[in-house]
Every structure is written in C-alpha cells, then in structure tokens.
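The values are calculated or read from the model by the stated rules, or taken from the named source; none is laboratory data. Model, not experiment: these values are computed from the prediction. Backbone-built Cβ (ideal geometry, glycine too); neighbour counts: all protein chains shown.
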Amino acid sequence: MIQNMASSISPLGQTGQHFKWETEIKGLDILGFNLDDIISELSHGSSHLIGKLSTRTWRDISTLQFQVIDAVKV
C-alpha cells in the first residue's frame, strides 16, 4: 500500500484505460491497468494505492514497478 499519493496521473494505452502516476521517486513506476472506471475519482488530491510491487527489467535496466489493483480517495 502507498498512502497519500498525490494524484498526478497520465493516461496510457490507445484508449486511455491504463494510467501512470507521476512520482519523484527515481526508479519507481506506479501503473494501473484497466482502471478507467475509478480514475475520474482520483484525478485531484491524494489517494491510498493498493497493489503489488515487482521488479521489471527492460533493455538491461531494472526498475521497481508498483501495479495498482485498487485505490481510495483520501
């Protein structure tokens, strides 16, 4: 869980159903897939993000990836 995450969100995907939270933490990607049904609630203010943390390697560069499963506006 990530608490009080500022809701600076950018859409991803051809239809905008995926999202990326902007963060100042270098090497951490926060992504939500198929969350278009709740994203309008989270577009301003802060949220608690519930998800899973994993390591992603692409082109020999490893980053932490937090995949959002659900989110609650605070």
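Can you name the residue in segment 48-74 that is polar (S, T, N, Q) and farther than 16 Å from PHE33 by Cα and, of all such residues, is modelled with the highest pLDDT? Write out each step before concluding.
Filtering segment 48-74 down to residues polar (S, T, N, Q) leaves 54-55, 57, 62-63, 65, 67.
Subsequent filtering for residues that are farther than 16 Å from PHE33 by Cα retains 55, 57, 62-63.
Values: THR55: 94, THR57: 90, SER62: 87, THR63: 87.
Out of the qualifying residues, it is THR55.
Got a number for residues in segment 31-57 being among the β-branched types (Val, Ile, Thr) and under 15 Å from VAL72 (Cα atoms)?
Within segment 31-57, the subset among the β-branched types (Val, Ile, Thr) is 38-39, 50, 55, 57.
With under 15 Å from VAL72 (Cα atoms) added as a condition, the list becomes 38-39, 50.
Final tally of qualifying residues: 3.
Within segment 28-41, if we keep just the residues that are in contact (Cβ under 8 Å) with a residue 24 or more places away in the chain and over 11 Å from the mean Cα position of the chain (by Cα), the residue that is farthest from THR63 (Cα to Cα) turns out to be GLU41. If the condition is being over 10 Å from the mean Cα position of the chain (by Cα), under 20 Å from TRP58 (Cβ atoms) and assigned to a strand (DSSP E or B), then segment 1-27 contributes only LEU12. Note on segment 21-43: residues that are more than 13 Å from ALA71 (Cα to Cα) and of a type outside the set (Ser, Thr, Tyr) total 7. In segment 44-59, the residues that are farther than 13 Å from TRP21 by Cβ and among the basic types (Lys, Arg) reach residues that are assigned to a strand (DSSP E or B) and modelled with pLDDT under 90 with C-beta atoms within less than 6 angstrom, at least six apart or across chains, in these pairs: ARG56/THR63. Of all residues in segment 36-74, those being part of a strand (DSSP E or B), over 11 Å from MET5 (Cβ atoms) and of a type in the set (Gly, Ala, Ser) number 2.
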